[in-house]
Amino acid sequence: MNKIILIGNTSSTMLGFRSDLIKKLVSNEYEVYAFICEYNEEHLGKIKNLGAIPVTYRMNRGGLNPFADLKTIFELKEKINKIKPDLVFSYFTKPVVYGSIAARLSTVPKVIGMIEGLGTPFTVHKYGQSLKVKVIRFIQVNLYKIVFPFLDKIIFLNPDDPKDLIEKNSIKYKKNAIQMLGPIGLNLEEYPYNYWDESQPISFIFIARLLAEKGIFEYIEAAKLVKQKYPNIIFKIIGGLDTENPYGLTKQELDDVIFSGVVEYSGFVTDVAKRIQDSAVFVLPSYYREGVPRSTQEAMAIGRPVITTDVPGCRETVVDGINGFLVPKWNPEALAEKMCYFIENPEQVNIMGLKSYQIAQEKFDAEKVNSKLIEIMGLKDLNEKTC
């Protein structure tokens, strides 16, 4: 195979999540085309520098207009026909659906889709789902029923997702098409191990968008509970507000909790690794249908223990009691209890943190993950080491 098309959505996610894969494919002498629908010129230049050829197309990521989506399919089909690739690999919901249909119409020899978590349609909030989300889920499942039967490979990141998506909805697929990749991985050199200075006071850090499904409200409530007993403990938050999301933390709520002194807020930052290094314990009380959370992988690579929820995706990162703790979703009391454990047993930060680091080395190395992904795709890895 010579030509490979990767179909994603934004240039930022193409660079953030697919850079190592692109470099590996290019080093294996494949001609790589990176399809994106939202981009800027700087990102296009960076994609070119990776050795790929950026191709732009039009798609409304959050839109529900079927006529606009049909236009996207035919535009993708036209662009795919011109390239005549040997393989089309799509990721994220809309690219998997519309990119795969376009590839099928273009008679591409091999079509592969990767489901990186089930996302909002499969995320159930404490008080249920809205009618709109239920409708989106219904539409999404039926689109997958159209697409999955002709995909050569359907790749998942955790074992819960194929059960909840394919088995529970009786979606048909090709024999041996379902493949388990695990975490998409990191460039571990960007997140070097860092021993926690035990002379420093214990601090906790939350890194995610400030949404209910990411656990921001449970994190704040747990911080309040802990501060009643240990008022000097520091709780940090990194992540942006999403004022359009009905389940998001509002600016007023954020201002109030900052003013009260419960948390320290740094907003959106670019030095994530340094922020994690300066914190003792990473906390993500998410109940969002993650694939495998990247921020947790980053914290583990640096050598930090993790407190997260016992839900699909999140539970793939923690061996309970070994490199951190799994707590029930929507339970700030249980979360606070585990936070207090680290405050009262500070030596466990480095003991459990070392276990996190070891797990990251084994499971999160992007080089190993991309070698496995290339094998799943049925491609040759010319750089694979042999005895």
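What fraction of the DSSP beta bridges in segment 107-194 is antiparallel, stated in percent and rounded to the nearest 5?
Here the antiparallel bridges make up roughly 10 percent for segment 107-194.
What number in nm² do you get for segment 188-363 if you take the convex hull of its Cα atoms and divide its surface by four?
So the mean shadow area of the Cα hull is 9.1 nm².
Considering only DSSP beta bridges where both residues belong to the chain, give the percentage that are antiparallel (nearest 5).
5
³J(HN,Hα) across segment 314-319 via Karplus (A = 6.51, B = -1.76, C = 1.60, θ = phi - 60°), whole Hz, x for Gly/Pro?
Running phi through 6.51 cos²θ - 1.76 cosθ + 1.60 with θ = phi - 60° gives 5, 5, 6, 9, 10, 9 Hz.
Taking every DSSP beta bridge that has both residues in segment 1-152, what percent is antiparallel when rounded to the nearest 5?
5
Which whole-number percent of Cα pairs in segment 338-383 have a distance greater than 16 Å?
When all Cα pairs of segment 338-383 are counted, 57 percent exceed 16 Å.
How about LYS372: which lysines have a C-alpha closer than 18 Å to its C-alpha, ignoring those fewer than 8 places off in the same chain?
The reachable lysines, counting only those whose Cα sits under 18 Å from LYS372, are LYS23, LYS24, LYS110, LYS153, LYS363, LYS380, LYS385.
With θ taken as phi - 60° and the coefficients 6.51, -1.76 and 1.60, list the Karplus ³J(HN,Hα) couplings across segment 52-69 in order, rounded to whole Hz; mark glycine and proline as x.
With the stated coefficients, segment 52-69 comes to 9, 9, x, 10, 9, 8, 9, 7, 8, 4, x, x, 10, 7, x, 5, 5, 5 Hz.
Among the GluC sites (Glu not before Pro) within segment 123-203, which fall in a DSSP loop and have no more than 15 other Cβ atoms within 10 Å of their own Cβ?
Sites meeting the loop and neighbour criteria: GLU198.
For a bin width of 20 Å, list the pair-distance distribution of the chain built from all Cα-Cα distances, rounded to whole %.
Cα pair-distance distribution for the chain, in percent: 27, 56, 17, 0.
Quick one: length gained pulling GLU189 to VAL124 fully straight, 0.36 nm per residue minus the C-alpha distance?
Length difference between fully extended and current span is 19.8 nm.
Tell me the volume per residue, in Å³, of the convex hull enclosing the alpha carbons of segment 86-229.
165
Sorting check: for 222-230, 28-36, 205-213, 135-143, which peptide has the highest mean count of neighbouring beta carbons within 10 Å, and how do the rest follow?
Output ranking for 222-230, 28-36, 205-213, 135-143: 205-213, 28-36, 222-230, 135-143.
So, in nm, how far is label VAL262 from label THR56 when the simple model puts each one 7 Å beyond its Cα toward the Cβ?
The answer from the label model is 4.3 nm.
With bins 10 Å wide starting at 0, give me the P(r) of segment 124-163 over every alpha carbon pair, in whole percents.
Once binned at 10 Å, the Cα pair distances of segment 124-163 give 23, 42, 29, 6.
Only residues of segment 236-255 count here: report those whose backbone N is under 13 Å from the spot 7 Å along Cα→Cβ of ALA68, or say none.
none
Each value in this text was obtained by applying a stated rule to the coordinates, not by laboratory testing. Being a predicted model, the structure only gives us computed values, none of them experimental. Cβ atoms come from the backbone with ideal geometry, glycine included; neighbour counts cover every protein chain shown.
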